[in-house]
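Let me begin by presenting the structure, written as structure tokens, before commenting on it.
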Amino acid sequence: MTSWTDKYMPKKLAEVVGQKRVTDFENWYKEWKKGGKAALLWGKTGSGKTAVVYALAKEKNLELIEINASDARNAQSIEETIGHSTKQMSLFNRKKIILIDEVDGISGRSDKGGVGALIKVVKESKFPVVLTANDAYNLKLRSLRNYCELIKFGSVHLNSMTKRLGEICEKEGIECERSLLKRIARETGGDLRSAINDLESLSRGKKKLEEKDLKVLGYRESKHDIFEVLKVIFKTSNIKNSIEIMRNVDKDPDEIFWWLEQNITTEYENPKEIAKAFNYLSVADLFRSRTRVRQNWRFKKYMIDIMCGGVSISKKEMYRKFSPYRPPKRLAMYGSTKTSRKQVKDICEKMGEQLHVSSRVIMKEYFPVFRLIFKNKAWKENIQKEFNLEKEDLKIITG
Ligand SMILES: Nc1ncnc2c1ncn2[C@@H]1O[C@H](COP(=O)(O)OP(=O)(O)OP(=O)(O)O)[C@@H](O)[C@H]1O
Ligand SMILES: [Mg+2]
């Protein structure tokens with residue numbers, strides 16, 4: 001069964017609602033000539049960036065050639081996937097539009113030249129190219145930005161969201177007051193995808209949606225106790241229940257991961273079960289790091305499913321005992337170094353861009369030299385200016 005977000009995907013530009021800059025996008029398309037800039041649609045998730053490209057293609061009967069940038073990791077695969085179609089007319093001379101979705105997931109200059117390949121595609125394409133990203137100011141995209149017209153997609157306007165939800169209710173034969181729809185919309189903070197998803201799950205099996213049905217939505221506020229989550233994951237053998245609890249809780253899956261890691265041996269006693277549980281956790285860990293490395297949040301879902309479901313089904317049967325779950329040691333350490341590690345990474349990327357070397361080289365080879373140079377105040381100030389560093393950054397470099 002198709003989800004409502006797919007079912008009610010806009011079929012023409014006029015159906016993309018609450019988004020001021022759709023006309024800019026349309027104008028960009030109208031005025032585009034070979035060698036012209038690509039459109040970089042960027043901004044909030046679930047706000048219609050991908051949808052608007054589909055709508056345009058449908059409305060103008062264009063052939064849509066699409067790659068997801070995080071699947072096309074490097075220059076070669078980008079060239080292989082779309083290089084050919086950007087240069088050739090399609091059969092029957094249909095016009096084309098090229099969509100490179102989620103470019104924040106592309107690899108930067110430091111490894112396989114994905115960004116370089118994108119620039120090449122933009123420069124050489126015979127057809128208009130559209131890129132999407134959540135953050136156009138991601139450092140990785142800096143050089144690419146010069147070849148793009150930036151079009152920002154903000155939060156979908158609240159009233160437009162409410163109206164859209166109302167239309168969907170009407171088509172699905174569901175009765176619901178406008179004030180309730182408005183609340184659903186407000187909860188998601190301008191992410192229409194989430195709002196439609198919420199509406200779909202709330203009204204499953206119902207003809208009428210009432211105030212009391214919205215209680216379930218309160219999950220965004222209600223902070224389930226973490227012990228409650230562990231209890232469900234450890235005690236149930238039902239994968240569905242186990243994954244469900246994660247959805248209903250306002251906790252970072254990474255945090256739950258370490259809580260599970262810490263407490264598997266507290267709950268399970270049979271070595272075979274313990275081994276099994278850790279095995280699942282290690283698979284979940286692969287997806288966890290992939291989410292981070294590729295900045296592709298779809299992997300997070302796999303991580304959660306494998307992590308929660310896997311640990312739940314590793315036991316033969318439920319242990320009828322009270323387990324004193326302990327907070328993960330790892331997390332305490334992770335928490336305290338998290339900000340500084342991120343800062344170091346940011347500085348390295350910033351300097352790497354300018355010096356044309358990888359972050360690793362900056363850290364290993366440049367930082368020690370900088371530390372020496374910084375002993376001279378004038379030189380220190382020069383470098384600070386040159387790389388546009390904050391005071392805080394300097395402290396981090398000197399360690
Ligand atoms: N402005 C909008 N008008 C109409 N429908 C929308 C709008 N924004 C989102 N939707 C609905 O939400 C779904 C998801 O939107 P879309 O895929 O365009 O989000 P996105 O901005 O590309 O998000 P992401 O950054 O996560 O890729 C669409 O299929 C559509 O059903
Ligand atoms: Mg998208």
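The values are calculated or read from the model by the stated rules, or taken from the named source; none is laboratory data. Quantities reported herein were computed from a predicted structural model and do not represent experimental measurements. Neighbour counts are summed over all protein chains in view; Cβ atoms, including those assigned to glycine, are modelled from backbone coordinates with ideal geometry.
Residues in region 129-147 that are within 16 Å of ligand 2 (Cβ to nearest atom) and either crowded, with 17+ Cβ neighbours inside 10 Å or at pLDDT 95 or above (or both): 129, 130, 131, 132, 133, 134, 136, 138, 141. Across region 38-64, the qualifying residues are those that are touching a residue at least 60 places away in the same chain (Cβ under 8 Å) and in a strand (DSSP E or B), and the one among them that is nearest to ligand 2 (Cβ to nearest atom) is 41. In the condition set (1) buried (at least 18 other Cβ atoms within 10 Å of the Cβ); (2) without any contact (Cβ under 8 Å) to a residue 60 or more places away in the chain; (3) touching a Ser or Thr at 6+ places or on another chain (Cβ under 7 Å), residue 184 is compliant with all but (3). On the stretch given as region 1-37, residues that are among the polar types (S, T, N, Q), near ligand 1 (Cβ under 7 Å from one of its atoms) and either part of a helix (DSSP H, G or I) or touching an Asp or Glu at 6+ places or on another chain (Cβ under 9 Å) (or both) total 1. Within region 18-29, is even one residue more than 14 Å from ligand 2 (Cβ to nearest atom) and touching a Cys at 6+ places or on another chain (Cβ under 9 Å)? Taking every residue of region 18-29 in turn, none turns out to be more than 14 Å from ligand 2 (Cβ to nearest atom) and touching a Cys at 6+ places or on another chain (Cβ under 9 Å).
Would you check if there is a residue in region 70-79 being within 14 Å of ligand 2 (Cβ to nearest atom) and in contact with a helix residue (DSSP H, G or I) (Cβ under 7 Å, 6 or more places away or on another chain)? Yes. Checked across region 280-292, the condition of being touching a residue at least 40 places away in the same chain (Cβ under 8 Å) and in a helix (DSSP H, G or I) holds for no residue.
Filtering region 11-25 to residues that are of a type in the set (S, T, N, Q) and either surrounded by fewer than 21 Cβ atoms within 10 Å (Cβ to Cβ) or closer than 11 Å to residue 51 by Cα (or both) leaves only 23.
Inside region 159-181, residues that are surrounded by fewer than 16 Cβ atoms within 10 Å (Cβ to Cβ) and under 26 Å from the mean Cα position of the chain (by Cα) make up a count of 1.
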